[in-house]
1. I need the semi-axes of the equivalent ellipsoid of the stretch 2-136: take the C-alpha gyration tensor, multiply each eigenvalue by 5, square-root it, list largest first in whole angstrom.
2. With θ taken as phi - 60° and the coefficients 6.51, -1.76 and 1.60, list the Karplus ³J(HN,Hα) couplings across the stretch 131-147 in order, rounded to whole Hz; mark glycine and proline as x.
3. Take 98, 207 and order them by how many other Cβ atoms sit within 10 Å, fewest up front.
4. Could you check the spin-label model distance between residue 7 and residue 25? Points 7 Å from the Cα along Cα→Cβ, value in nm.
5. Hey, what number do you get for the chain at 222 nm if only DSSP H runs of n ≥ 4 count, each worth -39500 (n - 2.57), divided across all residues, to the nearest 500?
6. Which whole-Hz couplings ³J(HN,Hα) result when phi for each residue of the stretch 25-39 is put into the Karplus expression 6.51 cos²θ - 1.76 cosθ + 1.60, θ = phi - 60°, listed in order with x for Gly and Pro?
7. To the nearest 0.05, what FRET efficiency results for residue 90 and residue 137 with a Förster distance of 25 Å applied to their C-beta separation?
8. Running a GNM on the chain with Cα contacts under 10 Å, which residue among 119, 95, 38 ends up with the highest mean-square fluctuation?
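Quick note: the coordinates plus some simple rules give every number you see, no bench work behind them. All of these numbers come straight from a predicted model, not from anything done at the bench. Don't worry about glycine lacking a Cβ; one is built from the backbone with ideal geometry, like all the others, and counts go over all protein chains shown.
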Amino acid sequence: MSAEIFEKLKIIPNCIYETIFTTYNTDFEPNAAPIGVSTPDMKKIIAKLYTSSQTYRNILEKKCAVINITNDLSLFYKTTIDKKSLDKETIFKKSKNVAAPILIPASTYIEANVESIQSIDKNRFKIIFRIVHAEIMDPCATPICRAPNLLLESIIHATRIEIYARNGEQKKAQQLINQVKKYREIINRIAKGTNYESLMNKTWKKVQQVQI
Ligand SMILES: Cc1cc2nc3c(=O)[nH]c(=O)nc-3n(C[C@H](O)[C@H](O)[C@H](O)COP(=O)(O)O)c2cc1C
């Protein structure tokens, strides 16, 4: 089932996708928080969680979560920066198969159980999930990945770097080069082995060839 769901959502292996996890607190009050996930084997879902988060504590207790896919950025804002703005009465509903709520406005709900938990360091744990049930509410919606935006930004910068260098505006050119370097570092981490990484590396090569 997992591979089929991932294919429908156009998910590729090793890319990190930004999702919103919904879980229950000890008293069964719903909680929501954005969490990045990946699927190296196109079967299991992997998340890396800071132990300081409520989501981590809830998953440890209930051994499950709903992984909600949405590209509505207001939901990412409301579940982090302005948590008080979430109307908990209307935005959550019970899931069918796990002890975790669903985020109603999401475009896909993935109900998942914890398969294993491994320590990364003293602040972070890697959690491997097995999909129990998934519902795609909007077949056109795909999960957010930061890589395409960072790549596009880098390509735009690359065109400006050439122009600044030609016009003798070295400081501006260097600032953009530094940004592209930073974006490349992120893409190398969040989209290993993908076409985004390969195009980013080619863009970086081109940027390095500009004489400033
Ligand atoms: C797009 C995005 C992705 C995030 N990914 C992760 C992640 O993979 N792991 C993590 O522990 N925190 C991640 N965070 C941070 C948590 O969402 C944030 O700490 C949140 O406040 C935790 O809420 P909670 O304490 O209610 O669980 C991410 C935040 C954003 C905005």
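1. So the three semi-axes of the stretch 2-136 are 20, 18, 14 Å.
2. Calculated HN-Hα couplings, in order: 6, 9, 7, 9, 10, 9, 7, 10, x, 8, 7, 10, x, 6, 10, 6, 4 Hz.
3. The order, fewest Cβ neighbours first, is 207, 98.
4. Label at residue 7, label at residue 25, 4.2 nm between them.
5. Here the helix-only value at 222 nm equals -12000 deg cm²/dmol.
6. 6, 3, 8, 6, 7, x, 9, 9, 7, x, 9, x, 9, 9, 9
7. The formula returns an efficiency of 0.95 here.
8. Looking only at 119, 95, 38, the biggest GNM fluctuation is shown by 119.
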